[in-house]
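Taking it in order: structure first as structure tokens, then the write-up.
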Amino acid sequence: SLGTAPTPPRHSFDKISAQHISALKQIVGGDANCFTDATSLAAYNADWTGRYRGSSQLALRPPTPRAVADALKYCTQHGLAVVPQGGNTGLVGGGVPVYDEVVISTAALNAVESVDADSGCVVAGAGVVLQALDEELAKHNLMVPLDLGAKGSCHIGGNVSTNAGGLRYLRYGSLHGSVLGLEVALADGTLLDLLSTCRKDNTGYDLKQLFIGAEGTLGIVTRVALQAAPRPSSVQAAWIGIQTFEDVRRALRLARRHLGETLSAFEFVDRASLDVVLEGQHASMRLHDPLPDNPTPFHALVEVSGSNEAHDTEKLEHFLEAASEEGIAVDGTVASGGRQLAELWAIREGISEALARRGAPVYKYDVSIPLSCWYDIVTDMRARLSEAGYNDSSGVRVVGYGHMGDANMHLNISSLEVDDRIGNLIEPWVYEWVSSRGGSISAEHGLGQMKASAIGYSKHPEAVRLMAQIKDVLDPSGTLNPYKVLPSS
Ligand code: FAD
Ligand code: MLT
Ligand code: ZN
């Protein structure tokens, strides 16, 4: 792989044999759910970033939760390793094999099973695509309290397993709050029913929480019960141009004060991110600089949503007036629903893809940092790489964007060609930088294989030891997603 951390040696798992394939094929219901040909396997072995590639010889799509559990049991009993895979949009190499692990995909568990219009509780198979789930909920004037650029491909089970954050976390909070229950297949073949649909349930340890964000190392999530949110009838946004980072912080404070309960997103886009999107466009959707007359170094996408359009409009207008009067916003534009709003979001959500198309696999860092020094990581990284000769003219771009309302910075470094020296300049410097400021080296993407050996920058040794003990209780053979999340011993 082109991973930035050294790949740990293969553990002594068994190798897949014709006998294993035929037994597992039977468990998952035959040829239609079992893939051994090179063309099908290529997609299961390659990750979204182009940085990680495995060499699995077998991918399974069990049609039922029971079949997931039975396949897992077989693998554990026969010393085979497994990698759970959802929509394969993860950004830390967690969902693809490192070596020849058997891929267990949740793609066939794709039914929305029930929607309770009174409570807002939805029960769905782990393989339901996030956008499809949201479209189903829209029929009941509900929405998934989670939205992200990968919504057209990622699965709700994958979202739960990465504890995905996304674009509206500031309003709806973490999946640790909105997941009501889970069904999970364990390594020994137990199908653990934690599928409570109760909003309140204080009966013993809250076991489901262990699987939220466990990145497939403790079990395979097969069904999810989720508290949906009321779907807002009015959604509006402003794109504002700002001259200094200090003023972006003032803008966030002002937005919180003026917009209160209607604030549903506060996203940050720096000039370099915007440039990458505008330069790297496909013909399908032409995006334009929202503020062509006043190019500024920083931008915020501020969204309000609620149930009363006039009320929300008035709030947004007051916020913009104050931002202008206080000298915070140099320029701004407002979009109320429709195409204009979609275009603003397309710019923000298009950054990852534009970066991915630019050249070599991108160096992606997803960190939490206090807002007092939030953007410093971008300027410090730029200075560090520039000193070594890596700058705009050598095709290297250091960009910063992200969920500023949650202090979640996405620092990305893009180069036109693969050059290991860049990686060596970035790591471990970037982890030390974040750790010394009390931040987190993974705000929302998880650790996967990219950061398994770096967990110590954000967690104390006692905590990592306890995690390893929990892993040992649930998966003593280490069947599930080896080489991921925890450092390999
Ligand atoms: P996969 O990539 O298939 O798997 C991710 C991890 O979960 C792997 O470790 C895998 O083994 C495990 N896993 C998957 N399904 C299961 C299961 N059923 N049971 C147990 N383990 C499982 N993330 C954010 O947090 N916020 C964002 O805003 C965001 N935006 C993104 C935008 C783009 C364009 C892309 C490509 C990714 C983005 N992501 C974001 C990354 C994010 O982690 C994923 O998009 C999503 O949550 C992963 O879901 P998936 O179904 O694709 O999982
Ligand atoms: C985002 O916020 O756009 C996603 O987390 C993806 C990324 O970091 O590129
Ligand atoms: Zn993000």
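Please list, in chain and number order, the residues 5+ apart from Gly448 or on another chain whose amide H is under 5 Å from its amide H, with Hs placed from the backbone.
HN-HN under 5 Å from Gly448: Val485.
If I take the Cα coordinates of the stretch 129-176 and project them onto the principal axes, what are the three extents in Å, biggest first?
That gives 26, 23, 18 Å along the principal axes, largest extent first.
Treat the stretch 241-281 as a sphere of radius equal to its Kirkwood radius over Cα pairs and apply Stokes-Einstein at 25 °C in a medium of 0.890 mPa s; give the translational diffusion coefficient in µm²/s, rounded to a whole number. Each step should come with its number before you reach the end.
On the way: Rh = 11.8 Å.
Diffusion coefficient, whole number: 208 µm²/s.
Just to compare against my own numbers: the Cα pair-distance distribution for the stretch 351-419, 5 Å bins, whole % per bin, please.
Cα pair-distance distribution for the stretch 351-419, in percent: 4, 17, 28, 23, 17, 9, 2.
At 222 nm, what value in deg cm²/dmol follows for the chain if DSSP H runs of at least 4 each add -39500 (n - 2.57) and the sum is divided by all its residues, to the nearest 500? Walk me through the numbers before you get to the answer.
Details: 17 runs with 162 residues, N = 489.
Rounded to the nearest 500, the figure is -9500 deg cm²/dmol.
Return the long-range amide H neighbours of Val102 (sequence gap of 5 or more, or a different chain), with a cut-off of under 5 Å between placed amide H atoms.
Those lying under 5 Å, H to H, from Val102 are Ala81, Val82, Val83.
What percent of all Cα-Cα pairs in the chain falls into each 10 Å bin, going from 0 up to the bin containing the maximum distance?
4, 19, 29, 26, 16, 5, 1, 0
Using alpha carbons only, how many angstrom separate the centre of the stretch 454-469 from the centre of the stretch 81-108?
With the stretch 454-469 and the stretch 81-108 each reduced to a Cα centre, they are spaced 23 Å.
Go through the stretch 462-477 residue by residue and turn each phi into a ³J(HN,Hα) via Karplus (6.51, -1.76, 1.60, θ = phi - 60°); whole Hz please, and just put x for glycine and proline.
Per-residue couplings from phi come out as 5, 5, 5, 4, 5, 4, 5, 5, 5, 4, 5, 5, 7, 8, x, 7 Hz.
Loop only by DSSP, 12 or fewer other Cβ within 10 Å of the Cβ. Give me the GluC sites (Glu not before Pro) in the stretch 386-489 that pass, ordered by residue number. Display every interim value, and only then the final one.
On the way: sites: Glu387, Glu417, Glu432, Glu444, Glu462; in loops: Glu417, Glu444.
Answer in residue order: Glu417.
Quick one: of Lys25/Lys484; Lys459/Lys484; Lys151/Lys471, which pairs are farther than 20 Å apart, Cα to Cα? Let's see the in-between values first.
Values: Lys25/Lys484 26 Å; Lys459/Lys484 16 Å; Lys151/Lys471 29 Å.
Beyond 20 Å: Lys25/Lys484; Lys151/Lys471.
Quick note: the coordinates plus some simple rules give every number you see, no bench work behind them. Fair warning: this is a prediction, and the values are worked out from it, not measured in the lab. For neighbour counting, all protein chains shown are included, and Cβ atoms are generated from backbone atoms with ideal geometry for every residue, glycine included.
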